[in-house]
Amino acid sequence: LLKELADDLAFGIVALRTRVYQGQAEEALRTANERYARQEAALTTLTASNLSDPDDFTDIVRGITEAVAKTLSVAFVGVWRYDEGSAMSHCQDLFKWPDGVHSDGMSLRADTCPAYFRALAGGEVLAVTDAMLDPRTVELRAELLEPYGVTSMMCAPIRSPRATVGVLSCRHVGELRR
């Protein structure tokens, strides 16, 4: 009798765990599908962009920063362009989400954050979970991270055939993010 009771209890525990794991799996799948739908919609919007006049470029960059911020759910997305010698990076557009505010004009100098510029010069995407402590981004702490509450970053170099010409920078506010 005790063995049967123990077997029934063990079966019930397994069934309950299976139901919990199934719920977690369903939630993860739902989240992944929502993320995929956002990404697909953003790609559709971005591929429809058409540059017919040089004045359109600013509007297209603004559209890109908005689409990336909404798709990735990050607080700040900016397009930064390097000057001729890659000694300075100028913010062409910085979009603050969800506020919907665009700004520009900020600059970063390579001599004040050399590790960051070196990391981007390699052409690899920087995925930084803890931007305050990562050696590639710690130099940005006082100017770009702490004032805005940025905790995590992803920076994708914008390349021409011969060199890195700028950066698409995504900055997350809140809990550390992978």
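The values are calculated or read from the model by the stated rules, or taken from the named source; none is laboratory data. It should be emphasised that the depicted structure is a prediction, and the values quoted were computed from it without experimental measurement. Because the Cβ atoms are built from the backbone with ideal geometry, glycine has one as well, and the counts that use them run over all protein chains shown. Each accessible area value is taken on the protein alone, full model and side chains, heavy atoms only, with ligands, DNA and RNA left out. Shrake-Rupley method; radii C 1.70, N 1.55, O 1.52, S 1.80 Å.
Using a 1.4 Å probe over the heavy atoms of the protein chains, calculate the carbon and sulfur portion of the accessible area of the chain as a whole percent.
Values: 6560 of 11420 Å².
Carbon with sulfur: 57 percent of the solvent-accessible area.
Below 11 angstrom from the Cβ of HIS102, what's the summed charge of the other residues (Lys, Arg +1; Asp, Glu -1)?
Details: positive: ARG62, LYS96; negative: ASP59, GLU66, ASP93, ASP99, ASP104.
The answer is -3.
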Would you please state the base-10 log of I(q)/I(0) at q = 0.11, 0.14 1/Å for the chain, with intensities from the Debye formula using one equal scatterer on every alpha carbon?
-0.57, -0.81
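Could you work out how much longer the chain between ASP111 and ARG162 gets when fully extended? Use 0.36 nm per residue separation minus the Cα distance between them, nm to one decimal. If you can, show how the numbers build up before the last one.
Numbers: separation 51, 0.36 × 51 = 18.36 nm, distance 2.22 nm.
In short, 16.1 nm is gained.
With a probe of 1.4 Å, find how much accessible area the chain has per residue, and write the answer as a whole number in Å². List each step's numbers first, then the result.
Working: 11420 Å² over 178 residues.
On a per-residue basis, the chain sits at 64 Å².
Roughly how big is the range 98-150's charge dipole about its Cα centre, with Cβ charges of +1 (Lys, Arg) and -1 (Asp, Glu), in debye to the nearest 20? If you can, show how the numbers build up before the last one.
On the way: 4 positive and 9 negative charges, 34 e Å.
Dipole size: approximately 160 debye.
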